[in-house]
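Working notes, beginning with the structure itself.
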Amino acid sequence: MNQAEIHGFLYDFFTKRQADILHNEDGLLKVKLTKELDQKLMNRPFYWQYIQAMGKEGEPLSVTFQSKENTSEEGEWVHFGSPRLQQIFDIIKEEGKYTTLYEQLEEKTNRTPLYPWFVCNLQVKYRGWYVHDELVSLGILLTNGTMRFNWMEENMHEEYSETIPDYAYTIPLIISPQRAMEQITYELSKRIKEDSQNFYDQSVALYEKEIQMLDDLTDLNDEESQNFYEQNKEQIYERLYPKVELNWVNGGIFYLSKDKTNQLTSI
Amino acid sequence: MELNIQTNHVNNAVDEMKDSPSGDWDTFKKAYQLNQLSMTNRNEITSLKYLPNLELMPHQQEAVEKVLFHMHGRAILADEVGLGKTIEAGVILKELMTKGLVQKVLILVPSSLIQQWVGEMNQTFFIPARAKHRSYPWEAYDIVISSIDLAKKEPHASQIIEQEYDLLIVDEAHRLKNANTKNYQFVKQIKSTYCLLLTATPIQNKIDEIYHLMQIVRPGLLGDKKIFKEQVKESNYDAVQTLIKQSMVRTKKSDVLDEWATRDISTIKVDFNEEEKEVYHDLEGINTSHSLTNLTLKREFCSSREACYLSMQKQENINNEELMNKIEQLPHHSKALRTIELIQELDEKVIIFTEYKSTQLYLQWLCQQNGISAVPYNGDFRKSKKQWMLQLFKNNAKVLIATDAGAEGLNLQFCRTMIHYDLPWNPMKLEQRIGRIHRFGQKEDVNIYYVVLKNTIDEKILHLLYDKLSVFKGVIGEIDQILSNFGIDNFEDEVSEILDESRSEREAAIKIDNLVSIIQSNQPEEELRDESS
């Protein structure tokens, strides 16, 4: 998405969430927010508190967003890095954090089983002599524990819906999501350790060098310099000592047909 | 020991899954993609995707990557003049904003550069940065650009110190090198997660200065100042170097020279006519209270009759009406006439630099007389007028006549020809002038002309100073900086003193040679050196 595509993105975002579009020209979008969007975007909790206390309906605001130069009117300028866009991104990230979805089937007559997959997308966060994040996408078939990497990439163009298709039924889970997660962190940790020896060594070397430097440069003769020393040691540790953190991006349970399941497990 | 991998966040997330609302497939996919966008991938500067018109030079890309992925967003950007530090800072800012890491930004720059920063941030980077306006409080801005001179004054200073910034950028950060100044004390107190200091002067040479700038970028890292200095003296030299490299990016023009447009330099020598020669000769003989004045008057006369005349008028103790009349009678100035010819020969836009405002006026008038469209540019103009003049030059006029003051920081890559109508005595200044057009982004070769009067102070300077300093070939930075290590604060004063006090040209030549050798012995890639050793 680039600056020119922001307009379409905003349009989709607001129409999908039932906001009324009051004006729509390329680069300029005027919307009447819903109550929910107003609460999430406009940062006026006191107003809504008051409305609620009074038992009234409340009046959501209208906002004009501008994402191109020279539009017929001026509006709030939305660009990459603007707090507004960040806010909207955060809403989507939050709404899309968990899910339960079903594969859409062509089959409309026979009863068809759907197999449960636990899917999780994780951020692997490296902190040390360099800063680096990776997004890892994994799926585990909850009937037998088969693990599949790059799950999202494989499924990006599939269609999934929130309701189970007619005639379909779900196979019960044998492995719990918690158990699956354990398996995933175990496997992932093993791989990370294997792949990041260099990162680890370099970080430790640099860390030790700075600590050495700090040792040489501080004279621990009074309490003040003792504090100073501890504080800086901490700071150097935070900055350079190699650390890896797994963070949850999003995930959930996906029910897939036998064909699709076979396809994913066979590669 | 082995790598510690934290996994408790993900376990908690799975526990929450059961009770959380379920998103639809489209939102789920978008959330995934948006998360991908906000991650820091050390192999990629994401924000460049949103800046299709910006093409980073390899050294800029490298600098940005270092700052983002290795320096944790706290660094000194110390590239030499004209290598595009502002661009680097802009990309870093954009990247941190795109990742959602930065929203509140304070940018402190010299007041002459405020408009340029505002323009650059908005137009090149689509970052809505605003110049501080007196009617809005500091906390009302997300991204504010101000001069350090304003910011450090009360009530501004205490308001700024109360803020929690995500990123602080200080341009021309060599203004912070002295820890006793208000500038330094003020900046040190500003709270900010990320921090970029931009400076073109090499701080490697002076241990104190490094220490102080590092105190801002990485507070505490270099320990106690006294012990630090002792350590450096003793042996821990390499360790300190390594540490500084951890926090400083410095590219020199010579490192990237082959990527540059080349400069073509020609000197045009002009003869004074007989009347002018006579005046010049008379000027040498005037009695003045201070002999430096003679030198100044001669320099001025080499520039224009006006510059010299006005200056004589101001000096009360010069009572030489006869000479002033003579100057008044002169119909023209030979150098100016030759310059007009030169402009007419050139079939493109030209920037003329002069040291004197009265010369600037005269040249503008002369251009007009000859049907050449010319616009002036100097430090006294208000911001809006400066912008307007630049606009005029870019779109309509053939010539921009500028004085040194006010021209610093200007980007005029669209022009590739420059005439130095008179030569500054400080070659640094010359380098800065040339840097206006000979910088990154300049795709064509650059033509530089010096117009010099034969047998005058002009020519003397040319021979004594410029020829020796290899300025003509290009890279000479930081002369003042180097000299100040030797207790010589102002190169220009030093040179005028030498020229004035020397009884012969030979003597002046030797003295200037000495000066030059000091500079040369200290030139590039200066290792860290303790000032007291």
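Some points to look at:
- Using C-alpha pairs under 8 Å with a sequence gap of at least 6, the mean separation divided by the residue count of the stretch B:260-477 gives a relative contact order of 29 percent.
- Each Cα pair of the stretch A:227-267 feeds into the Kirkwood radius, which the Stokes-Einstein equation turns, at 37 °C and 0.692 mPa s, into a diffusion coefficient of 221 µm²/s.
- FRET E, pair B:Ser111, B:Glu44, Förster distance 45 Å, beta-carbon r, rounded to 0.05: 0.80
- Shielding score for A:161-170, defined as the mean number of other chain Cβ atoms within 10 Å: 1
- Taking chain A and dividing mean pair separation by its residue count, relative contact order in percent (alpha carbons under 8 Å, at least six apart): 22
- Residues whose placed amide H lies under 5 Å from that of B:Tyr450, excluding near-sequence neighbours: B:Ser266, B:Thr267, B:Ile268, B:His420
- Of B:Lys94/B:Lys153; A:Lys97/B:Lys104; B:Lys225/B:Lys245; B:Lys460/B:Lys511, those spanning more than 25 Å from alpha-carbon to alpha-carbon: B:Lys94/B:Lys153; A:Lys97/B:Lys104
- For the stretch B:103-175, the C-alpha radius of gyration sits at 1.02 times the compact-globule guess of 2.2 N^0.38 Å, with N the residue count.
- The equivalent ellipsoid that matches the C-alpha gyration tensor of the stretch B:23-255 spans semi-axes of 30, 23, 17 angstrom, in descending order.
- If you bin all the Cα-Cα distances of the stretch A:182-267 at 5 Å, starting from zero, the percentages per bin are 3, 11, 13, 13, 12, 10, 9, 8, 7, 5, 3, 3, 3, 1, 0.
- Antiparallel DSSP beta bridges within the protein assembly as shown, percent to nearest 5: 40
- Per principal axis, descending, Cα span of the stretch A:149-225 in whole Å: 78, 29, 23
- At q = 0.14, 0.15, 0.16 Å⁻¹, base-10 log of I(q)/I(0) for the stretch B:1-116 (Debye sum, equal scatterers on each alpha carbon): -0.78, -0.85, -0.92
- Cα extents of the protein assembly as shown along the three principal axes, largest first (Å): 114, 67, 56
- HN-Hα J in Hz across the stretch A:148-165 - Karplus 6.51, -1.76, 1.60, θ = phi - 60°, x for Gly and Pro: 9, 7, 6, 4, 5, 4, 5, 10, 3, 9, 7, 10, 10, 10, 7, 10, 6, x
- Residues B:Asn178 and B:Asp15, FRET efficiency given R0 of 45 Å [Cβ-Cβ distance, rounded to 0.05]: 0.20
- Sparsely packed loop sites in the stretch B:117-188 (the GluC sites (Glu not before Pro) outside DSSP H, G, I, E and B with at most 15 other Cβ atoms within 10 Å) do not occur.
- Estimated translational diffusion coefficient (Stokes-Einstein, Kirkwood radius over Cα pairs, 20 °C, 1.002 mPa s) of the stretch A:3-95: 154 µm² per second.
- Shown for the stretch B:148-200 is the translational diffusion coefficient from the Stokes-Einstein equation, using the Kirkwood radius over Cα pairs, a temperature of 20 °C and a viscosity of 1.002 mPa s: 190 µm²/s.
- Using C-alpha pairs below 8 Å separated by at least 6 residues, the relative contact order for the stretch A:108-267 is 41 percent.
- Coupling constants for the stretch A:195-210 follow from the phi torsions by the Karplus curve (6.51 cos²θ - 1.76 cosθ + 1.60, θ = phi - 60°), and in residue order they are 7, 10, 4, 5, 4, 5, 4, 4, 5, 5, 4, 5, 4, 5, 4, 5 Hz; glycine and proline get x.
- Overall Cα dimensions of chain A, principal axis frame, Å, largest first: 76, 55, 43
- Listed residue pairs exceeding 24 Å between alpha carbons, taken from B:Lys252/B:Lys357; B:Lys253/B:Lys429; B:Lys66/B:Lys152; A:Lys68/B:Lys443; B:Lys49/B:Lys386: B:Lys252/B:Lys357; B:Lys66/B:Lys152; A:Lys68/B:Lys443; B:Lys49/B:Lys386
- At most 13 other Cβ within 10 Å, DSSP loop - GluC sites (Glu not before Pro), the stretch B:303-375: B:Glu316, B:Glu348
- The stretch A:111-180: trypsin sites (Lys or Arg not before Pro) falling in loop per DSSP and having at most 13 other Cβ within 10 Å: A:Arg111
- Under 16 Å from the Cα of B:Lys398 - aspartates and glutamates, other chains or at least 8 residues apart: B:Glu341, B:Glu345, B:Asp347, B:Glu348
- Whole-angstrom gap from the stretch B:1-76 to the stretch A:180-240, using each part's C-alpha centre: 22
Any read-out appearing in this document is the output of simple, stated calculations on the displayed coordinates, not a laboratory observation. Model, not experiment: these values are computed from the prediction. Every residue, glycine among them, receives a Cβ derived from its backbone with ideal geometry; neighbour counts consider all protein chains shown.
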